[in-house]
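For reference, the structure is listed below as structure tokens.
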Amino acid sequence: MEKEFISALHLTFENAKSLFEEAEILHNNLKSTRAYTLYHFCFEECGRFFLIYNVFMEYVNEEIPRKKLNTGTLKKLGYNDHEMKITECFNSIGKYAFANLYIKSGLSPDSDFDNLLKNETKELENAILELQKSKLNLNELKNKSLYITFNKNKFHSPDDLIMLSDYRYIQKIANVGLKFVEGQINFAESKGGFSKYRQHFKNNE
């Protein structure tokens, strides 16, 4: 099942990238409401990537046994749950943003990061909070971008309900999510691929 998880990581990344590219095509052809839908699906797929990635890394770090590498584990974590995938993507963006900040600082692992990077950390915290400010409405807006809805005794088309601010927001977070996923893929490739992770991390203990 290890090979299947590694395959799933690459397939999920490629699908998220494809969704983003197709959203861009719709955007360039002035089909912004339908583009909204695909940007949203891209963001969800990024969340799904991180669900798979986190379970795989628990296995790599020997926190879970090989038998836990299965679809049952993923389903319990929200593999098929829209809200859970959205939440996972936001959480992972935050986690890896801070990790990147610490790595790029060049400080030793035992440094007092909170004090030495106080300003940078605060700035990053604010950026993440800004990114998450509208997440509660995402799944509702996704449905509104697809279907005719009925509210207050009136039918509404998707074009009437998806505002420019909604569109810019989903485009932004889809782009950010995809960049973080791509970062994990590129890092893995620099270490010889996900199949080499267990040996790589053991050698660095």
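No value in this document is a laboratory result; all are computed from the given coordinates. Since the model is a prediction, treat every value here as computed from it, not as a measurement. Backbone-built Cβ (ideal geometry, glycine too); neighbour counts: all protein chains shown.
Annotations
- Annotation: the residues 48, 34, 168, sorted from fewest to most other C-beta atoms within 10 Å of their own C-beta, follow the order 168, 34, 48.
- In this structure, residue 130 and residue 62 have a Cβ-Cβ separation that, at R0 = 35 Å, corresponds to a calculated FRET efficiency of about 0.40.
- Sum of side-chain charges, residue 66 neighbourhood, beta-carbon under 13 Å (Lys, Arg +1; Asp, Glu -1): -1
- Placed amide H near residue 64: partners under 5 Å, 5+ positions off or other chain: 59
- Net charge over other residues, Cβ less than 9 angstrom from the Cβ of residue 46 (K, R count +1; D, E count -1): -1
- Scalar couplings 3J(HN,Hα) for region 27-33, obtained by applying the Karplus form with A = 6.51, B = -1.76, C = 1.60 to θ = phi - 60°, are 4, 5, 9, 6, 10, 5, 5 Hz; x denotes Gly and Pro.
- Backbone N under 17 Å from the residue 87 label point (7 Å along Cα→Cβ), restricted to region 23-65: 44-52, 54-55
- Ordering of 178-185, 51-58 by burial proxy (mean other Cβ atoms within 10 Å per residue, highest first): 51-58, 178-185
- For the residue pairs 85/196; 85/142; 31/142; 3/95, alpha carbon separations beyond 20 Å are given by 85/196; 3/95.
- Within the shell defined by Cβ-Cβ distances under 15 Å, the residues around residue 178 carry a net charge of -3, with Lys and Arg each +1 and Asp and Glu each -1.
- Overall Cα dimensions of region 1-66, principal axis frame, Å, largest first: 49, 16, 12
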